[in-house]
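Peer 1: Dropping the structure in here first, questions after.
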Amino acid sequence: MSEIQHMRHGSSIGQPVTRRDGVLKVTGQARYAADNHPSGMLHAVLAVSRIARGRVAFLDIQSARAHPGVVEVMVTANRPALALHPDDKSVPFSFSMDLLQDDRVRYAGQPIAVVIAETLEAATEAAALLAPRYEAEPVEVTLDAAGAFVPESVGVGAPAEMWHGDVEAGLAAAAQRIEATYETPLQFHNAMEPHCVVAAWDGDALSLDLPTQGLALTQMRLAALLGIRMEDLHIRSPFLGGGFGSKLLTGPQVLGILAARLVGWPVKLVLTRAQMYGPVSHRSPTRQTLRLGAAQDGALVAIHHHVRTATSRFDEFLEPSAGVSQAVYAAPAIAITNEAVRLDTGTPGFMRAPGLASGSIALESAIDELADSCGMDPLDFRLKNYAEVEPVSGKPFSSKALRECYAEGAAHFGWAGRPLAPRRMRDADGLLVGWGVGTATFPAHMFQAEARAVLRRDGSGLMESGTHDMGQGAWTAFAQIAADSLGLGLDRLEFRAGHSDLPNAGIAGGSAHTASAGGAIHAAGGQAIARLAELALADPRSPLFGAGNVGVVARGGRLLRRDDENRGESYADILARAGLDMVEGRGSAAADAAATERYAMHAHGAVFAEVKVDPELGQIRATRLVGAFAAGRVINPRLVRSQYYGGMIWGLSFALHERAAMDPRTGRIMNTDLAEYHVPVNADVPSVEAILVEEQDPHVNALGIKGVGEIGITGTAGAIANAVWHATGVRIRHFPIAIEQTSRAA
Amino acid sequence: MNRFEYVRPRSVAEAVAAAAIPGSAYLAAGTNLLDLMKIGVARPERLIDLNHLPDLDIIEQLPDGTVRIGAQVRNADLAHDPDFRQRFPVVAEALLSGASAQLRNMATVGGNLLQRTRCAWFQDTASACNRRAPGSGCDARGGENRMHAVLGWSEHCIATHPSDFCVPLVALDAVVEIEGPAGRREIPLADFHLLPGDTPERESVLAPGDLVVALRLPAEAAGFAAHARYAKLRERTSYAFAVVSAAAALRIADGRITEARLALGGVAAKPWRARAAEAALAGATPDAAAFRRAAEAALAEARPSGDNGFKIELARRIAIRALTLAAAGTPDRLPALPASAFASSSTPRPRGLHV
Ligand SMILES: Cc1cc2nc3c(=O)[nH]c(=O)nc-3n(C[C@H](O)[C@H](O)[C@H](O)COP(=O)(O)OP(=O)(O)OC[C@H]3O[C@@H](n4cnc5c(N)ncnc54)[C@H](O)[C@@H]3O)c2cc1C
Ligand code: SF4
């Protein structure tokens, strides 16, 4: 078995195969959830609250109902019953939902009614006609809110407090010390595809077109909530227009499902862009204080990372920003502390690189500040404090090619010769030029996943696993793994994914989807091949008969003797002789507890940024980004590069652009569209390069894969902030960096 | 969006007659109006579609050298018109620094003049806004108002006019031709937009039914072509409204400025002509000291309307930048990033962006 597995690598894995669904996408044929229009389908539109706290005193349901084309208005009184309370959290990764359970308003943008009509336009206008009247109460929506508490945990069960070594003693004895506070902003999910659902009931059976990052989890949560049997719930989710952590499952889609139940017709619900700023989770603001100390030679002696962040009044998710400080730099004393406030906002949640994105920009800035006070080149300083083992746990890394990342990135970027002092470089037009570096890191997770493989009598293969394509290329990367696992060319493989009827592929999250579902696919293929091999090896008529001891190789639709590849036979022949239509294999994957116990598992990278700053106007442009990343085995370099580019651009967005403008008087977000909620445009990213640094990891999982989906943000945001300092000499600790801060540097 | 009647007039006269009925609004490309209808800020009962009117999309040169631009000329068509861009490069540069290529392909000259403020509270029907709902108050005051006015504002409204296009136009003495129920009239662009005073709901001199039919730039405005630039400070490299902007146009002879034009954007409820600065520049040598003096004069009356005091110094600096660029001479070709601080900085060629 292990021989076969080993030999199955090679033909597809590692190839820069273009997206198999690319043509569908560029020709508009890829059917996203909201592209479905079952016959008789009606349109649902949410009415959302404009106050952030209080109650809905009145809705003009009559006017809304009277509007031509309106079929029904769903409010608390007529909302179909649920089997569980919307605040129930018995299913993992569940958050409280706002499903019209009462008249309370807990945040601005909370759904308060649903209008169902024959057209989108009629439903939209009728929703406006509801003209709610509220009893508003004073709101608290900023980090300065009263009532800070020390949480029990942050993120998903990470300890809120951690002390390792004597931080105070370390700081007291340090030759150089810095203490600085960094602020990161409130950010909202802006995937191109807003949250949506098309729901069709048939008695108690429900079929959904619903973009989700976790088919099985969503199925479980919804079935429990709606009080129906899991097997009666069918979810199609072949393509997501981005998820980034927001599409595990949030409340608003459930309202579309309930609307369909109420009216007895299929219903489509699509959130508007503005409605994304409320009920679908967000990244909360943070205020992070870092205290670092270094010895005379630049060796870190202590790190204390303290975070103040926020959650909603009714549920808890705390951006785990400080976690990064226990994974990156070596120091004898490391402490992490957290505090939080409760705000009249929706509940924060997972947003690409939760905790790490926000924590990394603070840590990388602070490290840079300390390097500067030590008079050291920031890259040398990072190398000086290179963690040979995971700092707090002391575990060896399963693999860590970060040194190579620093070296390759620096060489490619041309880091050598960078002046130590800031404000020393100008371009031909007199623009200030600055260079910065940041370390990228992301833990390698594994989730439970399953797959089913079939080898058919016609020599073709089938792989089934309910994986999720958020745009990252799952249709392609998993097919590559599947093809190799079955010893077939991609053209002989049918790959089925994106449906809840298929084997549970876990979640597309935590940068672990390829490793987890890929591992299951790899195992399923292996089992199918093993079954086929059993048939051949035991059959005296097969040229492979008796090859059991030397083993066989599966390649190109044939099993071959390992010791003599001229002897072999096709899968089709083996099956035909055995009188079978197919053989089947099942596989699963999950974290290897023993390995996780022994090793620390992280992907790493080094990001180098060049920015130019107009010395009088303060306008900034990141003119060059070079990232070098080591994340284990690369299944498809083209797709992996795209993930790094996307992550790095997000990091740029984090440092320079993204920010929700919350009106603290009302709790309303004042920039709920892409004209005003800035993300980078093409002109903001003239040059992004990603280098794939070779790394072999025998421990992390069967395929040696670490995640690539989120790491690109980390490191990049800090590298840009550090480059802005190097260009201007002004250390800006409030993100995103704004013109009024940089123009003061003039 | 409310239900509305849709009217497609065949002539200007028909359009004006239709629009004179209360509750009507002209529809040009709709890149601003339709957005406002979707968020409930504009709720017209009747849309008068200008897109099928004859002759409104023509750029013509009159015998005296005046250029006349029909109200329905698309922003991109005007900016890329070879004659126009040669004679009025600063206008082309301002146009191309605005919005995105897709929007410019649609947006019209008339619509650009009459686009509404981007003030967030104006766009939020749950907020108090004197401009949208007279007498309701102004929630921008006391809010985050870094994009708001530092010149010509009143306690009733501190909004800015967001157009880039209008800034060089007002500097070059553009004239607006208006056809209304009372006949045809024309008015200098400088007098077209109104400062808020205590009637912020009145944004321009247009009366109900009034249609902008064309814009005119006088022949002499082309006399600045050799020294005319637009500079725009924004928070992204492209596709963002101006934090502050400036259009500068100079005539230089024998090392002296014989005539100067300067206007500012992003600072007031109208494109802001800086006549005091122009007077200060007349006869001066085009150098840093003169530009600084002019910028001081341009902003002499500025005061913050909230937490936007930083804009006053930035407005001075953008004025200096535009004047400096103008003095250096209009480039033969407009930069790939028009009006940008990074306009001349060479764009690195990405390696490895496409595998
Ligand atoms: C995302 C985004 C970014 C943008 N960025 C910029 C920018 O950076 N710089 C910039 O300058 N602009 C920017 N714009 C604004 C853009 O320039 C305007 O939306 C556009 O010029 C409006 O033209 P339109 O033809 O679409 O007008 P419409 O939306 O059709 O009309 C706008 C208003 O003008 C009235 N109107 C139109 N034509 C006439 C006429 N002939 N007579 C009388 N009234 C008339 C309409 O009734 C309406 O009230 C941006 C817009 C968007 C959506
Ligand atoms: S600044 Fe003007 S447009 Fe903005 S809210 Fe105040 S009155 Fe309205």
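Readers should treat all values here as calculations from the given coordinates under stated rules, not as data from a laboratory. These numbers come from a predicted model, not from an experiment. Neighbour counts are summed over all protein chains in view; Cβ atoms, including those assigned to glycine, are modelled from backbone coordinates with ideal geometry.
Peer 1: Given the DSSP H assignment, sum -39500 (n - 2.57) over each helix run of at least 4 residues in chain B and divide by its residue total; what's the result at 222 nm in deg cm²/dmol, nearest 500? Walk me through the numbers on the way to the answer.
Peer 2: Details: 11 runs with 89 residues, N = 355.
My calculation for chain B gives -7000 deg cm²/dmol from helical runs alone.
Peer 1: Okay, next question. Can you list the DSSP H helices in chain A whose Cα atoms extend at least 20 Å along the helix axis and whose mean Kyte-Doolittle hydropathy is -0.5 or higher?
Peer 2: Values: long enough: A:356-373 (25 Å, 0.56); A:513-537 (35 Å, 0.62); A:637-656 (28 Å, 0.31).
Span-like helices here: A:356-373, A:513-537, A:637-656.
Peer 1: Which parts of segment A:134-158 would a label at A:R313 reach, counting a residue when its backbone N lies under 13 Å from a point 7 Å out along Cα-to-Cβ?
Peer 2: Only A:135-142, A:146 pass the distance filter.
Peer 1: Further, regarding this structure: For peptide B:308-316, compute the average count of partner chain beta-carbon atoms within 10 Å of each residue's beta-carbon. Before the final figure, lay out the partial values.
Peer 2: Numbers: counts 1, 1, 7, 3, 0, 5, 8, 0, 1.
For this peptide, the per-residue mean of nearby foreign Cβ atoms is 3.
Peer 1: Roughly how far apart, in whole Å, are the Cα centres of segment B:129-162 and segment A:161-186?
Peer 2: Spelled out, the Cα-based centre of one part sits 44 Å from the other.
Peer 1: Residues in segment B:222-260 near a label at B:T285, defined as backbone nitrogen under 20 Å from the 7 Å Cα→Cβ point?
Peer 2: Only B:250-260 pass the distance filter.
Peer 1: Placing +1 at every Lys and Arg Cβ and -1 at every Asp and Glu Cβ, with all other atoms neutral, what dipole size does segment B:226-328 have around its Cα centre, in debye to the nearest 20?
Peer 2: Working: 17 positive and 9 negative charges, 45 e Å.
The dipole magnitude comes to about 220 debye.
Peer 1: Here's another thing I want to ask about it. Say a paramagnetic label sat at a point 7 Å from the Cα of B:E220, along Cα to Cβ; which residues of segment B:153-173 have their backbone N under 17 Å from it?
Peer 2: Counting backbone N atoms under 17 Å from the label point, the list is B:169-173.
Peer 1: Reachable aspartates and glutamates from A:K400, Cα under 15 Å, same-chain residues fewer than 8 places away excluded?
Peer 2: Correct list for A:K400: A:E388, A:E390, A:E408, A:E694, A:E695, A:D697.
Peer 1: How are the Cα pair distances of segment A:283-421 distributed, in percent, across 5 Å bins from 0?
Peer 2: Calculated P(r), rounded to whole percents: 2, 10, 17, 18, 19, 14, 10, 6, 3, 1, 0.
Peer 1: Through the Karplus equation 6.51 cos²θ - 1.76 cosθ + 1.60, θ set to phi - 60°, convert the phi angles of segment A:101-107 into ³J(HN,Hα) values in whole Hz; use x for Gly and Pro.
Peer 2: For segment A:101-107, the Karplus curve yields 5, 7, 8, 6, 10, 10, 6 Hz.
Peer 1: Let me ask another. Roughly how far apart, in whole Å, are the Cα centres of segment A:727-746 and segment A:281-332?
Peer 2: Cα centroid of segment A:727-746 versus Cα centroid of segment A:281-332: 22 Å apart.
Peer 1: In whole angstrom, how long is each semi-axis of the equivalent ellipsoid of segment B:169-304, when you take the square root of 5 times every eigenvalue of its Cα gyration tensor and sort them from largest down? Please report the intermediate quantities before stating the final value.
Peer 2: Values: eigenvalues 162, 75, 40 Å².
Semi-axis lengths for segment B:169-304 are 28, 19, 14 Å.
Peer 1: Follow-up question, since we're still on this one. For the ranges A:474-486, B:253-265, A:265-277, A:389-401, what's the packing order if you count other beta-carbon atoms within 10 Å of each residue, average per peptide, and put the highest first?
Peer 2: Values: A:474-486: 27.4, B:253-265: 21.0, A:265-277: 22.5, A:389-401: 18.4.
Peptide ranking by packing, descending: A:474-486, A:265-277, B:253-265, A:389-401.
Peer 1: Could you work out the percent of alpha carbon pairs in segment B:78-135 separated by over 13 Å, rounded to a whole number?
Peer 2: 69
Peer 1: Same structure, new question: Using Stokes-Einstein with the Kirkwood hydrodynamic radius over Cα pairs, what translational diffusion coefficient do you get for segment B:226-328 at 37 °C and a viscosity of 0.692 mPa s, in µm²/s rounded to a whole number? Don't skip to the end; give the middle numbers.
Peer 2: Values: Rh = 13.5 Å.
Diffusion coefficient, whole number: 244 µm²/s.
Peer 1: Would you grab the residues whose amide H sits under 5 Å from the one on A:V583? Only those 5+ places off in sequence or on another chain, please, with H modelled 1.01 Å from N.
Peer 2: When sequence neighbours closer than 5 places are left aside, the close amide H contacts are A:L455.
Peer 1: So for segment B:1-53, what are the equivalent ellipsoid semi-axes in whole Å, largest first, each being the square root of 5 times an eigenvalue of the Cα gyration tensor? All intermediate terms of the calculation are to be shown ahead of the outcome.
Peer 2: Details: eigenvalues 73, 28, 11 Å².
Over the Cα atoms of segment B:1-53, the semi-axes work out to 19, 12, 7 Å.
Peer 1: Expressed in whole Å with the largest first, what are the equivalent ellipsoid semi-axes of segment B:253-308 derived from the C-alpha gyration tensor as the square root of 5 times each eigenvalue? If you can, show how the numbers build up before the last one.
Peer 2: Values: eigenvalues 122, 26, 12 Å².
One finds semi-axes of 25, 11, 8 Å for segment B:253-308.
Peer 1: Here is a follow-up. Taking the number of other C-beta atoms within 10 Å as the exposure measure, put A:L215, A:L59, B:L323 in order starting with the fewest.
Peer 2: Details: A:L215 26, A:L59 20, B:L323 31.
Ordered from fewest to most neighbouring Cβ atoms within 10 Å, A:L215, A:L59, B:L323 come out as A:L59, A:L215, B:L323.
Peer 1: For chain B, with only Lys/Arg (+1) and Asp/Glu (-1) charged at the beta-carbon, what is the dipole magnitude about the Cα centre, in debye rounded to 20?
Peer 2: On the way: 41 positive and 38 negative charges, 200 e Å.
Approximately 960 debye in magnitude.
Peer 1: Same structure, new question: Want the number for A:N682 to A:V150: 0.36 nm per residue separation, take away the alpha-carbon distance, what's left? Walk me through the numbers before you get to the answer.
Peer 2: Details: separation 532, 0.36 × 532 = 191.52 nm, distance 4.17 nm.
Taking A:N682 through A:V150 to full extension adds about 187.3 nm, to one decimal.
Peer 1: Let me ask something additional. Divide by every residue of chain A the summed helix terms, -39500 (n - 2.57) for each DSSP H run of at least 4, and state the resulting mean residue ellipticity at 222 nm, rounded to the nearest 500 deg cm²/dmol.
Peer 2: Numbers: 17 runs with 184 residues, N = 746.
Helix-only estimate at 222 nm: -7500 deg cm²/dmol.
Peer 1: Moving to a separate point now. In the protein assembly as shown, if the dipole is taken from +1 on Lys/Arg beta carbons and -1 on Asp/Glu beta carbons about the Cα centre, which of B:V12, A:A524, B:L169 is farthest to the positive end?
Peer 2: Checking the options against the dipole of the protein assembly as shown, the answer is B:L169.
Peer 1: What is the log10 of I(q)/I(0) for segment A:115-242, computed with the Debye formula using one identical point scatterer on each Cα and no solvent, at q = 0.15, 0.20 Å⁻¹?
Peer 2: Values returned for q = 0.15, 0.20 Å⁻¹ are -1.13, -1.25.
Peer 1: Arranged from highest to lowest average of other beta-carbon atoms within 10 Å per residue, in what order do the peptides A:122-135, B:225-238, B:191-204 appear?
Peer 2: Values: A:122-135: 19.9, B:225-238: 24.4, B:191-204: 18.3.
Ranked by mean Cβ neighbours within 10 Å, highest first: B:225-238, A:122-135, B:191-204.
Peer 1: Could you compute Rg(Cα) / (2.2 N^0.38 Å) for segment A:59-102, with N its residue count? Provide the component values of the computation, followed by the final result.
Peer 2: Working: Rg = 14.3 Å, N = 44, 2.2 N^0.38 = 9.3 Å.
With N residues counted in segment A:59-102, Rg over 2.2 N^0.38 Å equals 1.54.
Peer 1: Among the lysines, select those whose C-alpha is under 24 Å from the C-alpha of A:K612, and discard any that sit fewer than 8 residues away in the same chain.
Peer 2: Qualifying lysines at Cα under 24 Å: B:K232, B:K311.
Peer 1: Pull up the cross-link candidates among the lysines for A:K395, meaning alpha carbon to alpha carbon under 23 Å and not fewer than 8 places away within one chain.
Peer 2: Straight-distance partners of A:K395: A:K384, A:K706.
Peer 1: Quote the relative contact order of segment B:1-53 in percent (integer), defining contacts as alpha-carbon pairs under 8 Å separated by 6+ residues.
Peer 2: Worked out over segment B:1-53, it gives 55 percent.
Peer 1: Once Rh for the protein assembly as shown is found with the Kirkwood sum over Cα pairs, what is the Stokes-Einstein diffusion coefficient at 25 °C and 0.890 mPa s, in µm²/s? Please report the intermediate quantities before stating the final value.
Peer 2: Values: Rh = 31.7 Å.
D, rounded to a whole number, is 77 µm²/s.
Peer 1: Along each of its three principal axes, how wide is the spread of alpha-carbon positions in segment B:1-103, in whole angstrom units, largest first?
Peer 2: 44, 30, 17
Peer 1: Calculate the translational D of chain B in whole µm² s⁻¹ from Stokes-Einstein, where the hydrodynamic radius comes from the Kirkwood formula applied to all Cα pairs, the temperature is 25 °C and the viscosity 0.890 mPa s. Can you show the working numbers first?
Peer 2: Working: Rh = 20.7 Å.
For the chosen part, D equals 118 µm²/s.
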